[in-house]
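S.K.: Below are the structure tokens for one structure; questions will follow.
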Amino acid sequence: MSLPSNVNVIIVGGGTAGWMTAAALAKLLPTRCSVHLVESEAIGIVGVGEATLPHIRAFNERLGINEAEFMARTRATFKLGIEFSNWGAIGDSYIHPFGAYGRDRGELSFHQYWLRMRHEGRPVAALEDYSFACTLARLGRFGMPSTDPDDIASTFGYAYQFDATLFAPYLRDLAEGLGARRTEGRIVAVHRDGESGDVRSVELESGERIEGDLFVDCSGFVSLLLGKTLSEPFQDWSRWLPADRAVAMPCRTETALTPYTSAIAMESGWRWRIPLQHRTGNGYVYSSGFLADDKAAEALVGAVEGEAIADPRLLRFQAGRRERSWVGNCVGVGLASGFLEPLESTSIYLIQQAITALIELFPEREIAASDRDEFNRIIDLEYDRIRDFLILHYHATTRSDSPFWDYVRTMTVPDSLAEKIELFRRRGRVVKYREGVFLDASWIAVYLGQGIVPEGHDLRADAPPLGALERGAETLRAEIRAAAARMPDHLAQIARYCPMAA
Amino acid sequence: MAEPISEVVVVGGGIVGWSAAAALRRRLPAVRVTVVAYEPDPGALAERVVSTLPSAIGFHQDIGLTEQDYILNAGSVLRSGTRFTGWNGDAAPYVHAYAPHGQMLGGAHFHLAWIRARLEGCGGEAFDAYNMAAAAARQGLLVPPGADTGAAPAGAEFGLRIDPARYAYLLRAFALHLGAVERKAKPVDVTLRANDGFVESVRLDDGSEARGHLFIDCTGTAAAIRSRLGDKFEDWSRWLPCDRVAFAEAATAAEPSPLDEAVAMPAGWRWQSAGAETTSLGYVYASQHLSDGDAARALHEACGAEPGTPVTLRQGRRPEPWLRNCVAIGDAAVCLEPLEWTNLHLAHSAIDRIVSMMPDRGCAPVELWDYNRQCGAEADRVRDFLICHYAVSSQPEDPFWHTAAAAEPPASLALTLTQFRERGRLPFFEEETFSRDSWLAILLGQGLMPRRSDPLADAVPAVEARRAMEALRRAIDAALSKLPGQGAYLNHLARQSAR
């Protein structure tokens, strides 16, 4: 048997995607690849205060990252979910929790019993009151989940809200410590093999050529290799996700430090609010077909709660993905391979999934088609499933106060989503995938939070006597309230666990 | 709100029918259940195959049957897996046990370390030697839940070997106890509603009718009710050419082994599954390559038993088991040879879905679509798993085996095989019945070697990996002395439930 070849990996771009890729490859495949990252300090990174999903904890753990140190360096806060305001109708508010409703241990999901009590006309509290994560979030508290599965305080997960412009440098230290090389410079040309079309090298302004076996395109929206050089077609999803601009502006944190991200629906899109230790990230995601840039900036400035720290900054994008994320010897990770608006904090998740798949399918110098095809199959599925979940947020609404909401409310959605909605509307059934990013509770939160109320319920919910069910629900709610009240205040938890350097 | 289903008619009074009735009564108590207790046709394998997968245990727990009921009272024994003889050419028989092979090593699954050691020429032992339950089963020992296996990973699951007559009796008694109503009659005709083609009633040979909102067809391969609404069938015989099953019986001579035997034969394979008193024997073969007479002689020669008239089998599935207000389950929905004992499993799984996806009387197409999609995905992957046994076998001389191995696999199995051949990776599928360990047991047991070793496994120093593999082998050997045999464990269960 021949010795495994050492693959020379060139990473193009040093933002969050680039350094996450570099750190992961250097850490997990030290004997199989050498990692060389090319970036230019002259090119900014898109990272605007990033909100994440709980999956990132597994990624950090695999890289051996110390949580408290990482949170302090990136000025992070804890995140229990996302609060959606004004989506189903103006004045509405619900939380999409990173946790279960009820205990989620019986044969039947708690929301089915809840639906039955409602259908029988019993007085029943909001579903949110039966979720430990939601209750904790509303109270502005945070403590680590219990490891005892009998404890109600074990029924949630968490993610982080952190400064993405600090995450990349943090990972850079880690990656360079593990032997990754970095070259500073702007890429002015990409050279390809005349026969295979593979990328052979990138040429810098200085004239230096950097050669490699495998190129990872982390160049962001520019998509330097995948898009510009290899011309991989882009699948445009803007008919379902018409937002194509964001204006961002950080401000001082003046209100409470919420352990959740806020997504507030606006006239022609929505506004994010991500509280970090040192500042709050704000931005307005909108559709340029429905709103002028200056009006958007004006609306954002008018809406932010604290004193602005910078001027509004404009970002342009288009929802969709490249037909294939891995073409020839070039793998797109992050924005270079596709874009979905940050409504459900999926950007870093998608980066992470691409890196995980790349490691699991890491090729030899001679790249096998089976590795490439499988990578693309996995990544396409991820994009497509998140797409449906995002479209649901726009489509499930009664809002008719602007042309934008009229459009999304009445547009035709993909069949895959229409079927899911119909199944929930009938008896609260969640079509899920074992491998999907969002669990049942996520779908339930959005459906119910945005007015898709099931007509019926699962017949199994009729098995227990109604009185026992009501008493059980009341006990659960009291237990959640009591346990949540024992958790520390979010700010106090941060001050004790991971305060940023003064 | 639409009207809920409150009257269900189960047609077929075998194991599948009574199981459906018991599950419905237990889990949806508001639903009244009538069972038209007509004997399913002899070709219904879910009624006859004695071995089940571990999922049967969960099914029993869900409907409220205890070990006392489904093991001790029903005369079942426990099984840890299957030993495959002759499927891998001249290599020693391999064992597929329902248990993990080793633990993660560094960041990589155990099998990747094993493959790497093989590719580097310092092989260690056969793959199943690193499976606690397989090693135990070879010596007639079981790994009970919570058994002390020291440093060796436990996590073994049991399937059952049932006595079909006693087992059907138990389920009937249980379903009746739960309030199901039995009508001993034979269905002779089906009346469809004029406006929408829904089943209105099933006419019985005693002149009466059975009416309901939903009809569950458990009549076996004929699908007496469901076929009246349409008979579309997806044929799998180009991949699974066996179309005959000969059954025989013998008295169980010794303590029943935890392993079923599946032995490759020139035109198919034969089994031996020892129950408490009776051992089930059989020969599954392709009539194109072997006459019924020769098959009977071959079975007799191999194990001394005379088979009855063989059952004819047409492997495949109904693309839409649930149409309008009629759902086919068991052999009425999917027909597969007994290899890997999935027949009753697929029926249980369908029953679970009917309970959890019960629509209202309108049986909205979108709800049935979801049911059919899940059943289809599950059956297709079970099919793939069975085909895999033939696709990676190595008996090039026999025309039967040669043809079976040469058939181009379905796309989903092709993906599994391509991925595995490259570097030992197994892609994920929704609704998969068999775990990664089960797939590995077959693929590596039959000697399919990936082209290269996985980079994640290579990240662990070779010496360290080898040491961990040796330590695991020693831990398994050390644990064997503490494990019970079949008889000892059943006695233990009996004592426990007497308390």
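S.K.: Checking the condition surrounded by 15 or more Cβ atoms within 10 Å (Cβ to Cβ) and more than 30 Å from A:H395 (Cβ to Cβ), which residue from A:L214, A:L241 passes?
M.R.: One residue alone meets the criteria, A:L214.
S.K.: So which residues in segment B:366-380 are within 14 Å of chain A (Cβ to nearest Cβ), buried (at least 20 other Cβ atoms within 10 Å of the Cβ) and touching a residue at least 24 places away in the same chain (Cβ under 8 Å)?
M.R.: B:Y371, B:N372, B:E378 - these are the residues of segment B:366-380 that are within 14 Å of chain A (Cβ to nearest Cβ), buried (at least 20 other Cβ atoms within 10 Å of the Cβ) and touching a residue at least 24 places away in the same chain (Cβ under 8 Å).
S.K.: Assess whether A:E341 counts as being of a type in the set (D, E), in contact with a strand residue (DSSP E or B) (Cβ under 8 Å, 6 or more places away or on another chain), at pLDDT below 95 and closer than 21 Å to A:G13 by Cα.
M.R.: yes
S.K.: Would you point out the residue of segment A:371-410, among those that are within 14 Å of chain B (Cβ to nearest Cβ) and basic (K, R), that is nearest to A:S262 (Cα to Cα)?
M.R.: Filtering first and then ranking leaves A:R385.
S.K.: Let me ask something additional. Can you confirm whether segment A:251-258 contains a residue that is under 22 Å from the mean Cα position of the chain (by Cα), farther than 19 Å from A:M500 by Cβ and touching a residue at least 40 places away in the same chain (Cβ under 8 Å)?
M.R.: no
S.K.: Looking only at segment A:154-168, count how many residues are surrounded by fewer than 20 Cβ atoms within 10 Å (Cβ to Cβ) and at pLDDT 95 or above.
M.R.: 2
Table: residues versus (1) part of a loop (DSSP other than H, G, I, E, B); (2) of a type outside the set (V, I, T).
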| position | (1), (2) |
| --- | --- |
| A:T258 | yes, no |
| A:S262 | no, yes |
| A:I274 | no, no |
| A:G289 | yes, yes |
| A:L314 | no, yes |
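S.K.: A further question on this structure: Among the listed residues B:E422, B:E378, identify the single one that is over 25 Å from B:P338 (Cβ atoms), charged (D, E, K, R) and modelled with pLDDT of 95 or more.
M.R.: B:E422
S.K.: Same structure, new question: Somewhere in segment B:439-455, is a residue β-branched (V, I, T), more than 14 Å from chain A (Cβ to nearest Cβ) and farther than 24 Å from A:R377 by Cβ?
M.R.: Within segment B:439-455 (the criterion being β-branched (V, I, T), more than 14 Å from chain A (Cβ to nearest Cβ) and farther than 24 Å from A:R377 by Cβ), the answer is no, since none of the residues qualifies.
S.K.: Okay, moving on. Of all residues being among the aliphatic types (A, V, I, L, M) and part of a helix (DSSP H, G or I) in segment A:411-421, which is farthest from the other protein chains (Cβ to nearest Cβ)? Just the residue, please.
M.R.: A:L417
S.K.: Identify all residues within segment A:422-443 that are surrounded by 18 or more Cβ atoms within 10 Å (Cβ to Cβ), at the interface with another protein chain (Cβ under 10 Å from one of its Cβ atoms) and outside any loop (DSSP other than H, G, I, E, B); write none if there are none.
M.R.: A:E422, A:L423, A:R426, A:R427, listed by residue number.
S.K.: Does segment B:105-144 hold any residues that are away from chain A (no Cβ under 12 Å) and without any contact (Cβ under 8 Å) to a residue 12 or more places away in the chain, and which are they?
M.R.: Hit for segment B:105-144 is B:G123, nothing else.
S.K.: Moving on. Among the numbered conditions (1) assigned to a loop (DSSP other than H, G, I, E, B); (2) acidic (D, E); (3) within 14 Å of chain A (Cβ to nearest Cβ), tell me where B:D352 comes up short.
M.R.: Among (1) assigned to a loop (DSSP other than H, G, I, E, B); (2) acidic (D, E); (3) within 14 Å of chain A (Cβ to nearest Cβ), B:D352 violates only (1).
S.K.: While we're looking at this one, here's another question. Any residue in segment A:355-370 that is at the interface with chain B (Cβ under 9 Å from one of its Cβ atoms) sitting within a Cβ distance under 8 Å of a residue that is part of a helix (DSSP H, G or I) and polar (S, T, N, Q)? List the pairs, counting only those 6 or more apart or interchain.
M.R.: A:S370/B:T418; A:S370/B:Q419
S.K.: Within segment B:407-435, can you find the residues that are under 18 Å from B:D128 (Cα atoms) and away from every other protein chain (no Cβ under 13 Å)?
M.R.: Answer for segment B:407-435, where residues must be under 18 Å from B:D128 (Cα atoms) and away from every other protein chain (no Cβ under 13 Å): just B:F434.
S.K.: A follow-up question, please. May I ask you to list pairs of residues, at least six apart or on different chains, whose Cβ atoms are under 6 Å apart, with the first in segment B:81-92 being crowded, with 22+ Cβ neighbours inside 10 Å and the second being among the aromatic types (F, W, Y)?
M.R.: As it stands, the answer is B:G81/B:Y98; B:F84/B:Y94, since those pairs meet every condition given.
S.K.: Considering only segment A:49-72, state which residues are farther than 15 Å from A:Q161 by Cα and away from chain B (no Cβ under 14 Å).
M.R.: Passing the criteria: A:I65, A:N66.
S.K.: Could I ask something else about it? Can you work out which of the residues in segment B:24-57 that are in contact with a Leu (Cβ under 6 Å, 6 or more places away or on another chain) and not basic (K, R) is nearest to the other protein chains (Cβ to nearest Cβ)?
M.R.: B:L28
S.K.: Specify the residue that is surrounded by the most Cβ atoms within 10 Å (Cβ to Cβ); the eligible residues are those in segment B:151-197 that are over 30 Å from B:N131 (Cα atoms) and aromatic (F, W, Y).
M.R.: By that ranking, first place goes to B:Y167.
S.K.: Exactly one condition in (1) farther than 20 Å from B:L45 by Cβ; (2) assigned to a loop (DSSP other than H, G, I, E, B) is not met by B:A302; state its number.
M.R.: Every listed condition holds for B:A302 apart from (2).
S.K.: Of everything in segment B:168-205, what is among the basic types (K, R), more than 15 Å from B:D217 (Cβ to Cβ) and in contact (Cβ under 8 Å) with a residue 24 or more places away in the chain? Give them in sequence order.
M.R.: Within segment B:168-205, B:R172, B:R183, B:K184 qualify.
S.K.: Looking for something within 14 Å of chain A (Cβ to nearest Cβ), at pLDDT 95 or above and farther than 30 Å from B:Y70 by Cβ - is there at least one such residue anywhere in segment B:469-484?
M.R.: No, segment B:469-484 contains no residue that is within 14 Å of chain A (Cβ to nearest Cβ), at pLDDT 95 or above and farther than 30 Å from B:Y70 by Cβ.
S.K.: Let me ask something else. Please note which helices (runs of 4 or more DSSP H) are completely contained in segment A:1-119 and include at least 3 residues that are surrounded by fewer than 23 Cβ atoms within 10 Å (Cβ to Cβ).
M.R.: A:55-62, A:67-73, A:110-119
S.K.: Name every residue in segment A:15-48 that is in contact with a Lys or Arg (Cβ under 9 Å, 6 or more places away or on another chain), of a type in the set (S, T, Y) and away from chain B (no Cβ under 14 Å), in order of residue number.
M.R.: The one that is in contact with a Lys or Arg (Cβ under 9 Å, 6 or more places away or on another chain), of a type in the set (S, T, Y) and away from chain B (no Cβ under 14 Å): A:S40.
The values are calculated or read from the model by the stated rules, or taken from the named source; none is laboratory data. Computed from a prediction, not measured in an experiment: that's the story for all the values here. Please note: Cβ atoms are built from the backbone with ideal geometry, for glycine as well, and neighbour counts cover all protein chains shown.
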